[in-house]
1. Residue check: is Thr259 out of contact with any strand residue (DSSP E or B) (no Cβ under 9 Å at 6 or more places or on another chain), surrounded by 20 or more Cβ atoms within 10 Å (Cβ to Cβ), within 27 Å of Glu19 (Cα to Cα) and of a type in the set (Ser, Thr, Tyr)?
2. Checking Ala279 against (1) touching a strand residue (DSSP E or B) at 6+ places or on another chain (Cβ under 6 Å); (2) at pLDDT below 90, which test does it fail?
3. Report whether or not Ala174 is open to solvent by 10 Å² or more (accessible area, probe 1.4 Å) and of a type outside the set (S, T, N, Q).
4. Looking at (1) surrounded by fewer than 20 Cβ atoms within 10 Å (Cβ to Cβ); (2) within 27 Å of the chain's Cα centre (by Cα), which is the one condition that is false for Asn59?
5. Are any residues in region 78-100 over 25 Å from the mean Cα position of the chain (by Cα) and open to solvent by less than 30 Å² (accessible area, probe 1.4 Å), and if so, which ones?
6. Just one of the numbered conditions (1) surrounded by fewer than 16 Cβ atoms within 10 Å (Cβ to Cβ); (2) modelled with pLDDT under 90 is not true of Glu137; which one?
7. Applying the selection to region 29-48, what residues are open to solvent by 50 Å² or more (accessible area, probe 1.4 Å) and within 21 Å of the chain's Cα centre (by Cα)?
8. May I ask you to list the residues in region 190-218 that are more than 23 Å from Ala274 (Cβ to Cβ), open to solvent by 50 Å² or more (accessible area, probe 1.4 Å) and either of a type in the set (A, V, I, L, M) or under 24 Å from the mean Cα position of the chain (by Cα) (or both)?
Amino acid sequence: MRTALEPIELPDWAWERAEVRQALRKRDMGAVFRYVQQYAGASQARIATTAGMTQARVNEIINGRREVSKLDVYERIADGLHMPDDARHLLGLAAGREKRSGGAAFDLATFPEVVRVYATQNSAAQEIQQQAREAQELDVLAVRGLGLIGLNDSLLRACLPRDQGGKGLRVRVALLDPDSPALTRRAAEIGESAESLAGGVRLAESRLRELADTCDIAVWRYRMLPTWRIIRTDSTLFVGAFDAGWEGHESATYKVMETPHGPLFRGFRRMFEAVIDSARRTV
């Protein structure tokens with residue numbers, strides 16, 4: 001019989017880590033329990049009590065001698081670990097009965113893909129860089145891209161391989177066409193000359209071409225008025241918006257993670273593919 005012991009509480013950021021989400025997606029509860037030990041400092045006995053099983057069973061699961069296969073056991077584990085709804089969805093479970101409280105101003109049961117909201121891109125910089133360093137794929141949708149990836153001190157530049165011995169990384173960057181009417185309109189929106197904005201795009205493109213020897217990189221020029229600023233690192237998106245009067249890095253930044261049932265990640269990724277399909281590749 002289960003006790004009334006309080007659920008184990010992991011930090012919110014722990015549930016957002018790529019390796020934890022991958023373990024949930026694979027239903028690898030041994031790995032999940034090991035991350036619970038690592039990030040919450042919970043013992044096997046504590047995990048066993050909150051999940052309604054014996055310590056010996058937890059030990060077997062952690063060491064790969066037994067697997068979890070019953071839905072009711074997954075439910076007990078999710079309840080005992082106080083999993084947020086997006087983590088429950090990765091396990092194939094319905095949203096929890098209790099809503100987690102915290103800094104988010106929305107219901108995670110309704111929007112399980114949006115796991116964090118940052119006031120600006122700068123507030124998310126450390127998280128973005130950590131994700132980029134571990135990624136196999138990096139997509140960027142920007143206007144000129146200098147602050148993101150075009151300069152040596154830009155947000156993502158230091159996260160890219162610097163020599164041919166670096167890890168394999170596929171990088172795709174879409175920049176606003178410097179010769180398009182959309183660029184002229186965008187320059188007027190932010191109070192900058194079209195010549196200056198176009199020069200920034202061309203400089204970023206030139207600097208990105210320098211990376212061709214160290215990673216698999218491709219650059220496109222698109223011609224539509226920019227709306228979304230997107231950074232995708234594998235199964236995580238960081239999304240901001242362009243509007244008249246502010247630039248993308250000044251926008252609130254939404255961290256969106258791929259889930260089995262959510263449309264946002266797939267919708268933004270589909271949009272990026274559509275942008276480059278209709279764009280002209282220059283690198």
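The values are calculated or read from the model by the stated rules, or taken from the named source; none is laboratory data. Quick caveat, the model's predicted, so the values are computed rather than measured. FYI the Cβ positions are ideal-geometry reconstructions off the backbone, even for glycines, and counts take in every protein chain you see. We work out accessible area using only protein heavy atoms, side chains counted, and drop any ligands, DNA or RNA first. Shrake-Rupley method; radii C 1.70, N 1.55, O 1.52, S 1.80 Å.
1. Numbers: out of contact with any strand residue (DSSP E or B) (no Cβ under 9 Å at 6 or more places or on another chain): yes; surrounded by 20 or more Cβ atoms within 10 Å (Cβ to Cβ): yes; within 27 Å of Glu19 (Cα to Cα): yes; of a type in the set (Ser, Thr, Tyr): yes.
When the stated conditions are applied, Thr259 passes them.
2. (2)
3. On the way: open to solvent by 10 Å² or more (accessible area, probe 1.4 Å): no; of a type outside the set (S, T, N, Q): yes.
No.
4. Among (1) surrounded by fewer than 20 Cβ atoms within 10 Å (Cβ to Cβ); (2) within 27 Å of the chain's Cα centre (by Cα), the lone unmet condition for Asn59 is (2).
5. Gly80
6. Answer for Glu137: the failing condition is (2).
7. Step one: of region 29-48, the residues open to solvent by 50 Å² or more (accessible area, probe 1.4 Å) are 34-35, 37-38, 41, 43, 46.
Residue satisfying the conditions is Tyr35 alone.
8. Across region 190-218, the qualifying residues are Leu203, Ala212.
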